[in-house]
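The structure under discussion appears below in the form of structure tokens.
What follows is calculated from the coordinates using simple rules that are stated; it is not laboratory data. Bear in mind the structure is a predicted one, so any value in this text is a computation, not a measurement. Cβ atoms come from the backbone with ideal geometry, glycine included; neighbour counts cover every protein chain shown.
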Amino acid sequence: MNKNLLLLGLLFCGLYSSALAEENATTNKGTESTVKSESKDDDGKVKKLANALSRLSIGGYGEAVTSRNFYSQHFNRYRNPATYKNDDSHGRFDLPHVTLNLGYNFGHGWTMGMEIEFEHGGTENAVEIDADESGEYEAETERGGEVALEQFWINKAFWGGKFNIKAGEIIIPVGEINAYHMPNDFFSVYRSEGEAKMLPNTWHQVGISLWGRISDWRYEAIFTSGLDAERFGHNCYVHYGATSPYEYKLGNVYAGAARIDNYSIPGVRLSLSGYYGYTFKNTERKASASYDKVHGALAIGSLGLEMKRWNWIVRGNVTYSHLGNAAKMTTFMNAYPKHTQQDGSPSKHSPIASNAYSVGLEAGYNIFSQIGSLSDKQKLYIFGRYEDYNTYAAGKQKVAYKYDRVKRMAVGVNYSPIKQITIKGEYSNRFLSHGYNNEPSVSLGITYAGWFLK
């Protein structure tokens with residue numbers, strides 16, 4: 001009897017052990033299957049992330065600068081030059097441009113690009129309760145910069161990029177300053193003064209562009225809205241014409257721009273760009289019947305050059321512009337209420353030139369090219385620059401604005417420890433017309449330009 005009970009117990013233990021082992025085996029198989037499934041999911045997520053990152057581009061450029069200007073900063077220094085001839089020098093620190101660029105390749109020839117720019121450090125506003133104003137709320141401007149969406153476009157490429165259609169907020173590549181505006185595209189600490197004074201920069205507007213590159217030729221043609229003559233002035237010509245005081249850009253009149261770049265000669269680029277469009281009545285203010293035939297036709301032509309050979313970099317531009325009906329538009333703009341009567345008037349209340357021009361040439365030599373241990377790693381350019389520009393080259397009040405004619409000379413250095421970083425130093429002098437004081441200055445800056453992810 002005892003033997004039978006013992007055998008029965010052993011049989012039960014054996015059956016239980018077998019069942020337990022089978023259950024453990026099944027559980028282990030399920031666990032292994034789950035782990036493998038989760039591993040496949042993780043691999044899929046990693047591949048998707050890697051694919052998304054391979055399509056994403058992130059980059060930008062920026063400038064931090066300081067200047068010491070050895071001339072008066074008084075706003076009347078041109079009207080009474082003798083009074084302010086011996087004024088103290090003054091200094092400035094600035095962040096002229098800092099940008100963030102984003103791009104994405106959707107595939108099948110579709111791409112998107114955008115650029116957000118912070119000019120002069122951006123803008124800051126605040127509201128506080130002022131005890132000196134009996135507890136009233138007071139608005140303050142803490143930083144007078146600007147934040148702008150300078151580019152936002154969708155592009156479709158055909159035939160391997162030989163032909164493209166781009167639409168959105170795009171760069172208008174008229175003049176060298178707009179086509180090549182990053183800090184490693186010029187030697188001086190600040191952008192070239194002549195084109196910067198005369199043209200919008202960086203010139204960007206909503207429009208549609210047809211562009212591409214075939215062999216040694218790159219071409220672009222753009223359709224967009226015209227500039228706004230309300231924003232023109234004697235010392236800025238059409239510089240502010242692409243801006244708008246409204247939440248939208250008026251398009252009562254239209255314009256076209258075009259650019260051609262040729263690269264047939266190794267290391268050399270030759271460029272031709274132009275613009276034509278009406279500028280008058282591109283405003284919400286109505287003009288009387290006497291202005292029916294006034295269009296303010298604006299024509300701009302520009303030649304550009306860049307040579308990078310034999311350790312030299314040479315760049316140049318010649319830009320000329322004519323504005324029709326300038327005198328009639330000046331009369332119309334001066335009829336605007338002054339700020340003392342109505343704050344916020346967009347008009348400059350100043351004569352508008354019928355002609356303006358800018359000529360510039362700069363050349364720099366990389367002296368590290370002669371030092372074997374540095375020639376492939378770092379660059380040190382010694383450069384010189386000359387400019388001649390006039391934002392009021394022709395007009396009824398040319399004599400009163402002779403100081404708008406400026407000749408400027410600069411010498412300096414550009415040191416690049418790595419490709420993306422440049423440290424700049426410069427001495428410059430503006431030579432104004434007879435009777436006005438020259439304007440010497442010393443400037444330093446550090447810049448970056450490049451892609452962080454591409």
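Peptides 267-273, 381-387 ranked from most to least packed by the mean count of surrounding Cβ atoms within 10 Å: 381-387, 267-273.
If you put +1 on each Lys and Arg Cβ and -1 on each Asp and Glu Cβ, how big is the dipole of region 58-453 around its Cα centre, in Debye rounded to 20?
1980
With the dipole of region 58-453 worked out from charges on the C-beta (+1 for Lys and Arg, -1 for Asp and Glu) around the Cα centre, which of VAL206, PHE223, SER271 lies farthest toward the positive end? Value: SER271. Taking a point 7 Å from the Cα of PHE163 along the Cα-to-Cβ direction, the residues of region 226-270 with backbone N closer than 20 Å to it are 257-261. When restricted to Cα atoms, region 239-304 yields an Rg and a Dmax of 16.8, 56 Å, respectively. Please give the residues of region 170-197, grouped as numeric ranges, whose backbone N is less than 14 Å from a label point set 7 Å along the Cα-to-Cβ vector of TRP451. Once the point is set 7 Å along Cα→Cβ of TRP451, nothing inside region 170-197 turns out to lie under 14 Å by backbone N. The simple spin-label model puts a point 7 Å past each Cα toward its Cβ; for LYS45 and SER89 those points are separated by 6.0 nm.
Packing order of peptides 171-179, 300-308, 315-323, highest average first: 171-179, 315-323, 300-308 (average count of other Cβ atoms within 10 Å over each peptide's residues). Note on region 181-242 and region 250-293: Cα centroid distance 10 Å, given to the nearest whole angstrom.
Would you work out the charge dipole size for region 238-293 about its Cα centre, treating the Cβ of every Lys and Arg as +1 and the Cβ of every Asp and Glu as -1, and quote it to the nearest 20 debye? So the magnitude is around 100 debye.
Relative to one another, the C-alpha centroids of region 59-91 and region 393-428 are positioned 13 Å apart. Please go through the residue pairs LYS308/LYS419; LYS379/LYS419; LYS281/LYS396 and name each one whose alpha carbons sit more than 19 Å apart in this structure. Check vs 19 Å cut-off fails for LYS281/LYS396. Contact order, relative form, for region 58-453: 15 percent (alpha carbon pairs under 8 Å, 6 or more residues apart, mean separation divided by residue count). The alpha carbons of region 274-314 occupy a box of 61, 18, 9 Å along the principal axes, longest dimension given first.
Each Lys or Arg adds one and each Asp or Glu subtracts one; over the other residues with Cβ under 14 Å from the Cβ of GLY113, this totals 0.
May I ask which of LYS47/LYS377; LYS377/LYS454; LYS48/LYS249 have a Cα-Cα span longer than 30 Å here?
LYS47/LYS377; LYS48/LYS249
Among rounded, prolate and oblate, which fits region 58-453 when a ≥ b ≥ c are the square roots of the eigenvalues of its C-alpha gyration tensor, a/c under 1.5 means rounded, and a/b larger than b/c means prolate?
The shape class here is rounded.
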